[in-house]
């Protein structure tokens, strides 16, 4: 009896300590340093014994985040062929969360039974095949008036031409849509300034609907599309019924960007196979790498998307595989699409914060080329063009080109700061080039300095660096090779995301972050206070798929097992430290629908759920209701249990599923 | 022509820069600081403006890792219900790599088509069901003479009672074995001092083979086993044909540890349901959390594994589901199994570095209890025991207990340093207790100090802290709750892995690492120079499954497509920047076996491979040959491409798979 009392006492203490831990666990906080005299002498000893240079010391102090202090920025990075999104705190460069998007992830209970996540993933099926992986490339935060608003994040899957929507209230994927006409995208996702549309461009051209056509019929039958996915902000979902696409030639469209302010209403995409090369090295043809790099110039695609939306709404489209498509002919007739020559094989097209200029970085040209929207509009008005084989106007290069700046080898992608500078990644130079965003005078666009990075930088991301109002301060170099930078982990190395201080006169590399959970392509960096994330779900019994109360919500005392023939429905609750019911008795052949409601409301009171011998892994956050289904196809005795170490009696939080023969 | 020359030049430069980047990209290195006078004044300004305390400054300087400097230790952490292993550098606490183990991972090409990984994962199937997730708990590095040797890592899956082997030459999973008798493990993996066996214990008892039996027949029919998986170090694989298990009562065995030095030959496991409670809160029974915590004492299981191995080799076993099992009766008759009472619901049993003492932390008892192996052996010799209901000797508590130290609320797990101290996690106190590992005098075992951690620490891991030769210096607190520690990421929070400096007189928390890619349970920390990882595979055409040359290796010039009826075999190579062949022409209904050899040998010259519309994602490291199979069940035009940004012309590294109707 005495022992039972002690046990009860301990349990009460446990509960109290868990509730209170957010508030009362601070030890007495030492005062921050105020002057040189305050610097601990031990600091010098440490720095000396570890061989730190003065630059290292500064970098350490700029990036270190004391316990409980929050990072200033979130970096939302694509995970590359992990198919996910990685959330990183800046300046500490710590991974705060891996968000499952296209690939199942057991820890988050995504794609391992939960009906909610299966429904989302099934939205991305291809020809009935359950695609359960992806290749995420370009995240795009939702924008209001051209600035990040912190509400939603979009991300593409290059591999199967899909786009996903993530809700930043709970940092969870809510929707995946599959483009019905293409099998590969790359120039996505990019949003229009008020997130009216999410722009997505084809990479590798195929016949629309990826139907079969011999490669010899490439020019005739293969095409790309630029798809404008309509976003319903109220519902927080892409609305395919309000979306449309524009047919484009099979020129392998690459990165895109939306115009803003001065260029609002326009969108821009690069291309890099205007040669329409079709490869076939094994047949003695030039390989793709050479074939698509033969011409001096490719074409910047310039879309008048506002006008295109009107043309779509006026019904001047052809429905292809369920998607309204504006044909090239209609685009030409309505003045929706123009080309501007751009030096060969460009990668990024990036619009300056004021919207006046488009910066194109051509990876085989040492210069960036700057176009001016007023010159583009003037050239269109003056019809200063010739026609490409598809009848699309190619604007006169000299008429639309505003300036060129020689930066170095392999320029790929450009971001901006708050002091009038642009930053361009140089893949071959392994460097970041800082240069001035000039004005009317082309000579005012000039290289300022370069700093080496380690190694082979792809994209870069500056703080809010692609909005109308960049913050400056931080820039992250997304380096593709790490080689000797980190302790060895075998032949598959991490990549190296380097944080660079751009607040001062000179760039300074502050931190090397190994990326060993994916291969990020692009990232966006947003001020942390713009995101209003939930700490727990708004009410107990919440369905994160619909962001509303679940019809299967089960409150304490309502737990039950309902049987109708061999159809069984389980209504379970989870709370520290038990799952109710603790016995789920079934018969072989039963089909079971199983709902679990985490009735806790305390922040961090997450319960996981796994069921031995089945592919069931759930994460049930405070207030959440999750459902899954199984067939009891083999008799036996199985254990289910909580997988989050939620309390001292967590191991006891289990039950038996008994399937009678 | 001029342009083609420029292109060629650029490609040469690209290749040169990639090869050279590991050596030549250092900027002029500033001298390290040597004295207080060298400290940059800017450091003070930074510290002051960021509100850093003297402790923060010291911590920043102790954990910061300058670009290109390697971490001193690897921390191998389980990923919890991610089913993976997470490799973290210490002291920087940066994630170096996520190793896919039980759960497919697209980025690493694990479980997304590659025949090698599918074969490994299929080793863990349960009743023919492809289990593609897990709940990793306790990693164990291979040992030689009780010390980590850096060759292999083992990890369990609690959810389906499986064990995996990871080779630390390439940091890849090589084998998964499924225990045929149990469906849930927890006390695993733990190795014997020369890695003769990998120890695994049941958690939730079921009838052996998880057959059906009503819960009312619990004491009669439910059982646990302790399995001793034999490890063939030469082959680097578990050898099931040399493995055996020992039947134990259905007492819910928990953590285990192997004896060493003074206790070599023994193994120890805790238990926490000697009540044999069967739950059923919904029927008015005590819930498991209360039912399993009723008694004052549970039983430390003491196994003479060396003698058990002899008994197994002598054939005194019963084969159950293909596994030789030593029955409880045989264990008792042969003197293989003893119990020692231990305060209720213990978690960790941890053997001191000299092997003389076993430390048991009982989560509902504020003391740790220390047992001495000589006292255990003496009590056995003197037959100071009574019998449990299964006939197993329960040694006299006072005869085997050596000391008890009151540490605080919720002690779970203990590690050791090189100065004679032990460190125990206190879940309910949210603290780490430091105490003296005493000697013969029970009074010499004493609490020294406690330091708070944030919050609710589960396991902890000190540098080589469970070996015969702990290093001291660093300790990581694996905290389960983070609450307010990090910028919000919605209702599913990261956990908080805190690095603690244990080199000085007082413990100091140095760093908060958010763990947002899994929920680590336990971790082991090994000196980095003990691991001899490969930078690339030993020769071109390597099969990582067999760690030998692949029969499907394809050299440059040997690429081909072979057709035999509707059976097609593709032999492809990858090299910067093309895949050969670039056209794979198929007919609907073909079955395709596709091999790709990365013919590169340069470190980091990894190529990925994905195929649109199919669940194929490969990572082909330098020298590796990977194979996958698909059914060409729908006609169409599909793109395949390299998913690692390997060169400036990476986007051009693609091909078309054309399936004719």
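Quick note: the coordinates plus some simple rules give every number you see, no bench work behind them. Worth saying up front: this structure is predicted, and the values here are computed from it rather than measured. Cβ sites come from the backbone with ideal geometry, for glycine too, and all protein chains shown count toward neighbours.
In table form, for the structure just shown:
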| item | result |
| --- | --- |
| Shape of region B:242-322, Cα gyration tensor, a/c cut at 1.5 | oblate |
| Calculated label separations, residue A:354, copies of the chain, 7 Å along the beta-carbon direction, nm | 7.8 |
| 10 Å Cβ neighbours from other chains, averaged over peptide A:611-621 | 6 |
| Estimated distance in nm for a label pair at residue A:145 and residue A:419, the labels positioned 7 Å out from Cα along Cα-to-Cβ | 2.7 nm |
| Ranked packing of B:512-523, B:112-123, B:234-245, most packed first, by mean Cβ within 10 Å | B:512-523, B:112-123, B:234-245 |
| Per-residue mean of C-beta atoms belonging to partner chains within 10 Å, peptide A:66-79 | 4 |
| Efficiency of FRET between residue B:601 and residue B:441 - r from beta-carbon atoms, R0 56 angstrom, step 0.05 | 0.40 |
| Beta bridges by DSSP in the protein assembly as shown, antiparallel share as percent, to the nearest 5 | 90 percent |
| Chain B, closest residue to the rotation axis toward A, by beta-carbon, whole angstrom | B:60, 2 |
| Highest-first arrangement of A:360-368, B:182-190, where packing means the average Cβ count within 10 Å | B:182-190, A:360-368 |
| Over chain B, equivalent-ellipsoid semi-axes from the Cα gyration tensor in Å | 47, 34, 21 |
| Neighbouring partner chain Cβ atoms per residue of A:598-608, average, 10 Å criterion | 3 |
| For the protein assembly as shown, diffusion coefficient by Stokes-Einstein and Kirkwood Rh (Cα), 10 °C, 1.306 mPa s, µm²/s | 50 µm²/s |
| Kirkwood-type radius of region A:542-660, with distances r between different C-alpha atoms, in Å | 14.3 Å |
| For peptides B:645-657, A:584-596, sequence by mean Cβ density within 10 Å, most packed first | B:645-657, A:584-596 |
| Copy-to-copy label separations for residue A:546, where each label sits 7 Å from Cα toward Cβ, in nm and ascending | 5.5 |
| DSSP bridge pairs, region B:461-581: antiparallel proportion in percent, nearest 5 | 95 percent |
| Amide N of region A:380-424 lying under 19 Å from the label point, which is placed 7 angstrom from the Cα of residue A:469 along Cα→Cβ | A:416-421 |
| Cβ-derived FRET efficiency at R0 51 Å, residue A:70 paired with residue B:585, nearest 0.05 | 0.40 |
| Part-to-part distance (alpha-carbon centres) for region B:43-65 and region A:489-508, which is given in Å | 20 Å |
| Calculated [θ] (222 nm, deg cm²/dmol) that DSSP helices of n ≥ 4 give over chain B, each run adding -39,500 (n - 2.57) | -3500 deg cm²/dmol |
| Inter-copy label distances at residue B:321 (7 Å, Cα→Cβ; nm, one decimal) | 4.6 |
| Estimated distance in nm for a label pair at residue A:216 and residue B:314, the labels positioned 7 Å out from Cα along Cα-to-Cβ | 7.9 nm |
| Ellipsoid equivalent to region A:236-370 - semi-axes via the Cα gyration tensor, in Å | 28, 21, 12 |
| Spatial separation of Cα centroids for region B:226-289 and region B:530-557, in angstrom | 37 Å |
